[in-house]
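Have a look at the structure below, then the notes.
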Amino acid sequence: MSNIKYILGSFGDPDEMLTGIKKLQDNNISIYDVYTPMPIHGIEAKLGVKRSRLDIAAFFFGITGTITMLTGVYLATAVDWPVNIGGKTHFAFPDFVPITFELTILFCAFGLVGSYYASTHLFPGRAPRVMDLRATDDRFVIAIDAKQNAEHDKIDELLKSAGALEVKHNERKYISYE
Amino acid sequence: MGTHHYNLSEQFEFTGKVKILSIVGIVIGLATIAYGLMGDHVSHERTYANLLLMGYYFACVCMSATFFLAIQFVAQAGWSASILRVPQAMAKNLPIAALILIVITGLGLYTHNLYHHWHAEGLTDPNSPHYDSLIAGKAVFLNVPFFMIRQVVFMGSYAIFAHFITKWSYNEDLTGGLTSYNKSFKYSCIFLVIYGFTTPIFAFDNIMSLEAHWFSTMFGWYNFASMWVSTLAIIAIVIILLRKAGYMSWVNNSHLHNLGQFIFGFSIFWTYVWFAQFLLIYYANMSEETVYFHKRFNSYEFWFYLNIVLNFLTPLLLLMDRDNKRSENLLLTVSIIVVCGHWVDYYQMIMPGIFEFGTKDGSGFGILELGIAAGFVGLFTYTVLSALSKKPLVAKNHPFLQESLNHHL
C-alpha cells in the first residue's frame, strides 16, 4: 500500500467541479472537503456539511458580556462606591443599558474572532493550513481521503472524466508548512 | 438552477368565510362607533381616541407598504420580486386609509374630541383667561388650517406614488420590458426622500400634538419604526395565510427567513429608538419632559411594560434562532404578537394624552377598543384582499422574478 494521504482533483471551472462531486458521490466515494477561491452557492447542502454552531457560540459570548458588565457596574456603583447621581437609585438600570449593550457586542465579536482563529488554526506566526495553494487563486479543488477510499485509479478516472485539469496524489496533508 | 412549475397567472379568489368575516368585522366596528357616540362626553372622547388609533394604524400600514415597495426597487432587490403583489394591494388602499384618517382628525378637531390641548377657545388670545403662552408660541405650526393642509398634502403625495408604483407593475404584466421597472426605480427614489422627511412631521401632527406642551425629536423615528415593523409583520401574516390557503406556492422558507430577519431587526430598531427617547428624558430628569413618562408610569403602568414585552422581548427571543425565522407557524405567531404589540404601542402613545389619569378619567380596555379594532381589521382585510384578488398574485414580467423564484439562503 502506498503512503498517499490525499487525492486532490483540481478543476478550472466550478460547474465541472460540481459534476466531479456528483460523480464521486454516485460511486460512493466520500469527499473529505472542497476548496474554492470563491463561495459557491448551495455547496454545503450538496456535501452534507453540518450547520455551523457559530450562532450558539455567539449567543453565549454575548450573554457573558452582558453578565460581566451588569455585575461590574453593580459592584462599582451600588456596593463599592455608591454615589448619588441626579437623585437616582445607585444601580439605575436604564443608565447602564447602552454600555451593557456595547460590552455584549464586544465580547461577542472578540469571542467569534477567537473561535474562528481556533477552528482554522490561523495564528500569527503560524503557516496557514493549505492543501493546494492554487485553491486560493484560480482552482477549484476536491480533496479525497486516500486511506478511506482504496480505489485510487477509479477516483483518478472519475475526476479526469469530470474535467479535472490535474490530479495530485499527496503524501502530506498540508503542503504549506515549509 | 432548478426547474419549477408554478402557475404564474394564479389569482386569489376573495369569497367565502373570509369575506363574510371581514364584513362582520366592519359591521361590528360601525355598531361600536354608533354605541360610543350615543354615550356621554367621555364616551365620545374615547371613541375618537380609538378611531384615531386605528385610523392612524391603518394609514401607516398602507404608507409603509409603499415604503416597502420603494425600498425593494431602490435596492434592486431580487428576493422580494415574487411577493410584491401583497404590499402592492396594501399600497393601493392608501387613498381609502388616508381619507378615513383625514375625516377622523377633521371631525375630532371640529367636535373638540381630539387635539383640544392646542385647539380650544382663547388658548392663543393673550387677554383670555385660558391663554397658554406655550401653545401660542406653537400656533404658527399648530393651527387647524395648516394642520389639515399638511394631512392632505402628506398623505396625498404618498398616495400618488403608491398609485404609480402599483400601476406600472400591472402595466409590466401586459407589456414586459424594463420601462416599468426603470420608472418605478426613479419614482421610488423620489418617494423615499419625501417619505423620510415628512413621516416624522406626520407623527408629530397626528400623535405628538395630543400633548402639545411636550415634545421629543425622537418621536418621529419612534413612530416610523412602529409603523414599519408592524407593516412587515402584516405582510408576513398575509403571505403565510395565503400559503396556508394554497396560494403562492413559490414562497419558500428563504423568503420567510428574509421577512423574519426584517421583523427581528426592526423590532430591535424600534426598541433602540423607544429606549433612546426614554433614556434621555430619564437621565436629564427635566420636569417638562418627564411629564410624558410620569403619566404613563402612574396610570398606564401595565401597558407601558406590556409594550416592551410584546414588541421587544417576544421577537428578540422567538426570532433569534434561524430555524424559527424559517418556520411558517412560528413566524405567523410572532407576527401576530408584533401587530398586537404595536396596537399597544399606539394605545400608550395616544390614551395618556387624552385621559391623563387612566381609568379614573374614563379610559380603559373594553367594548370600544375591541369593537373599533375589529372594525378596522375587517376593513383592512376586505379592502386589501379585494385589491389582491383583482390581479395575478405574481408580477410575471418583473425582471428579477427568476431570482426570487430560485431564492435560497
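Before moving on, here are some points about what is shown:
- Residue within the stretch A:118-136 that is without any contact (Cβ under 8 Å) to a residue 60 or more places away in the chain, within 14 Å of another protein chain (Cβ to nearest Cβ) and either β-branched (Val, Ile, Thr) or under 20 Å from residue B:278 (Cβ atoms) (or both) present: no
- From the list B:164, B:147, B:154, B:141, the lone residue that is at pLDDT 90 or above and assigned to a loop (DSSP other than H, G, I, E, B) is B:141.
- The stretch B:317-343, subset in a helix (DSSP H, G or I) and more than 18 Å from residue B:237 (Cα to Cα), residue nearest to the other protein chains (Cβ to nearest Cβ): B:322
- Residue selection: residue A:141 satisfies the criterion of being among the β-branched types (Val, Ile, Thr), more than 14 Å from every other protein chain (Cβ to nearest Cβ) and either under 25 Å from residue A:14 (Cα atoms) or part of a helix (DSSP H, G or I) (or both).
- Here residue B:353 clears all of (1) touching a residue at least 24 places away in the same chain (Cβ under 8 Å); (2) out of contact with any Asp or Glu (no Cβ under 6 Å at 6 or more places or on another chain); (3) away from every other protein chain (no Cβ under 14 Å) except the condition numbered (2).
- Complete set of residues in the stretch B:173-213 that are in a helix (DSSP H, G or I) and of a type in the set (Val, Ile, Thr): B:175, B:179, B:190, B:193, B:194, B:198, B:199, B:201
- The single condition among (1) exposed (fewer than 13 other Cβ atoms within 10 Å of the Cβ); (2) touching a residue at least 12 places away in the same chain (Cβ under 8 Å); (3) farther than 15 Å from residue A:6 by Cβ that residue A:172 does not meet is (3).
- Matching residues, the stretch A:31-46, being modelled with pLDDT of 90 or more and among the small types (Gly, Ala, Ser): none
- Considering the stretch B:241-300, and only residues there that are more than 26 Å from the chain's Cα centre (by Cα), not in a helix (DSSP H, G or I) and not polar (S, T, N, Q), the residue that is farthest from the other protein chains (Cβ to nearest Cβ) turns out to be B:246.
- The criterion of at least 1 residues that are among the small types (Gly, Ala, Ser) and more than 14 Å from every other protein chain (Cβ to nearest Cβ) is met, among helices (runs of 4 or more DSSP H) falling completely within the stretch A:11-106, by A:14-26, A:54-74.
- Every condition in (1) surrounded by 13 or more Cβ atoms within 10 Å (Cβ to Cβ); (2) within 12 Å of another protein chain (Cβ to nearest Cβ); (3) not aliphatic (A, V, I, L, M) is met by residue A:111 except one, and the failing one is (2).
- Residue B:404 of a type in the set (Ser, Thr, Tyr), within 30 Å of residue A:41 (Cβ to Cβ) and modelled with pLDDT of 90 or more: yes
- The residues on offer are A:86, A:48, A:72, and the sole one that is over 23 Å from the mean Cα position of the chain (by Cα), of a type in the set (Gly, Ala, Ser) and surrounded by fewer than 12 Cβ atoms within 10 Å (Cβ to Cβ) is A:86.
The values are calculated or read from the model by the stated rules, or taken from the named source; none is laboratory data. No experiment lies behind these values; they were computed from the predicted model shown. Cβ sites come from the backbone with ideal geometry, for glycine too, and all protein chains shown count toward neighbours.
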